[in-house]
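Below is one structure, written out as structure tokens; the observations come after it.
Quick note: the coordinates plus some simple rules give every number you see, no bench work behind them. Computed from a predicted structure; not experimentally measured. Positions of Cβ are generated from backbone atoms using ideal geometry, with glycine treated the same way; all protein chains shown enter the neighbour counts.
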Ligand SMILES: *Cc1c(COP(=O)(O)O)cnc(C)c1O
């Protein structure tokens, strides 16, 4: 199928087009390996001179079909599935940034990514500078160094719910000769396609809305194909100079717009693994088939819940960019005109104990370490996902100690609001 169709059609049909007599549903190719008739053919595959499957750690037909669906949804030239969102963000950076390199990162991001970049990448010799995305350009641009390789942010921050000014950050990244990488997990390509705003690489935790049913952990890296690596060849030797592990092949020369994606598969997946099980990709694909139906319902429900919280005197504050008085409402109108997502955060009047009492009083909305699936759920980042961070780091990451993250599902909104109301009555 061509990839110029509308987004809903791509959700349902992109990635797998059966030929005459083939399975209508995406098949699960549960095989580690693939057979060839002679050794010469296999050798060509190993030299990247011919395309084909040989070992699932590098490529698998089920995984590739789902990756190409996500590439179509984002409007990219290539995509690679990973075994988690964490792996996706790691690969997106590590594919272009090695020991001695540096990245500039919005400080309002997911706690797992905050640790990955600030602590684990540091151990690999990659430095990271966190910047306040609300600061002005001049202030943010002070963070760039000669060895900077990328700028990173989240379309909608988890759990801070701020909206990233993609176009502005893309321009900043390009002024410094580096790509903008955007984690588009919460918005999904149904509500925002960052490439249309100048972003170069998109990542996803497919664990969230894309799957939508909390059945698999997965991730994805999508390349727009737009960044001109050769124009900054000194910064990106991994892409623009010969790879000794492939007999001196140069990715940009051999693969053009597919250079970044090919290197990620041929080098990083080969050496580090982290591919999803084909069974998981099958489940992810089932989720993707209804993404365009679920996202509007998440947004519609969340808008009503956010308004309810906003109007309740026991609630101290709410962050949801769909609210007219949200500090990022204007950015949301620009980047998320059809709605943002089902996730919001808020604080109750009272202390940490008040938040815990509220959550423990919920009956239908569950306390789970998850977000962005069909069922409504809550979490208190300071005591759950972000408990490794100090109070100071929490504030730096834009997370107030009283912040409750609420992920509004696709149930009937009256029942969601009733549950919240009865829990508020108990605090
Ligand atoms: C959950 C999440 C991740 C990490 O993804 P996993 O699939 O849990 O590894 C990364 N970024 C964002 C925005 C997330 O919400």
* **DSSP-defined antiparallel bridges as percent of all bridges, region 24-176, nearest 5** => 20
* Asked: Highest mean first, what order results for 133-143, 358-368 on Cβ atoms within 10 Å?
  -> 358-368, 133-143
* How high is the relative contact order of the chain, given as a whole-number percent (alpha carbon pairs under 8 Å, six or more residues apart)? -> 17
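Fewest first, what order do 193, 421 take by the number of other Cβ atoms within 10 Å?
In increasing order of surrounding Cβ atoms, one gets 421, 193.
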* **Value of relative contact order over region 322-381, rounded to a whole percent, pairs C-alpha under 8 Å and six or more apart** => 21
* Would you mind checking the tilt of helix 61-74 against the longest principal axis of the Cα atoms of the chain, expressed as 0 to 90 degrees and rounded to 10? => 60
* Asked: In degrees from 0 to 90, rounded to the nearest 10, what is the angle of the helix 166-175 Cα long axis to the longest principal axis of the chain?
  -> 50
* So in the chain, what percent of DSSP beta bridges are antiparallel if you round to the nearest 5? -> 55
* Show me 48-54, 254-260 ranked by packing, highest mean number of other Cβ atoms within 10 Å first. => 254-260, 48-54
* Structure fact -> Note on region 7-287: alpha-carbon gyration tensor, axes a ≥ b ≥ c; rule is a/c under 1.5 for rounded, else prolate if a/b larger than b/c, else oblate; result oblate
* **Helix-only mean residue ellipticity at 222 nm for the chain, each DSSP H run of n ≥ 4 adding -39500 (n - 2.57), per residue, nearest 500** => -9500 deg cm²/dmol
* To do: Give the angle, between 0 and 90 degrees and rounded to the nearest 10, that separates the Cα long axis of helix 85-94 from the longest principal axis of the Cα atoms of the chain.
  => 50
* Given the C-alpha centroids of region 119-146 and region 210-258, what is the distance between them in whole angstrom? -> 22
* Structure fact -> Everything considered on the Cα gyration tensor (a ≥ b ≥ c; rounded for a/c under 1.5, else prolate if a/b is larger than b/c, else oblate), region 321-373 must be described as oblate
* **Considering only region 146-223, percent of DSSP beta bridges that pair antiparallel, nearest 5** => 45
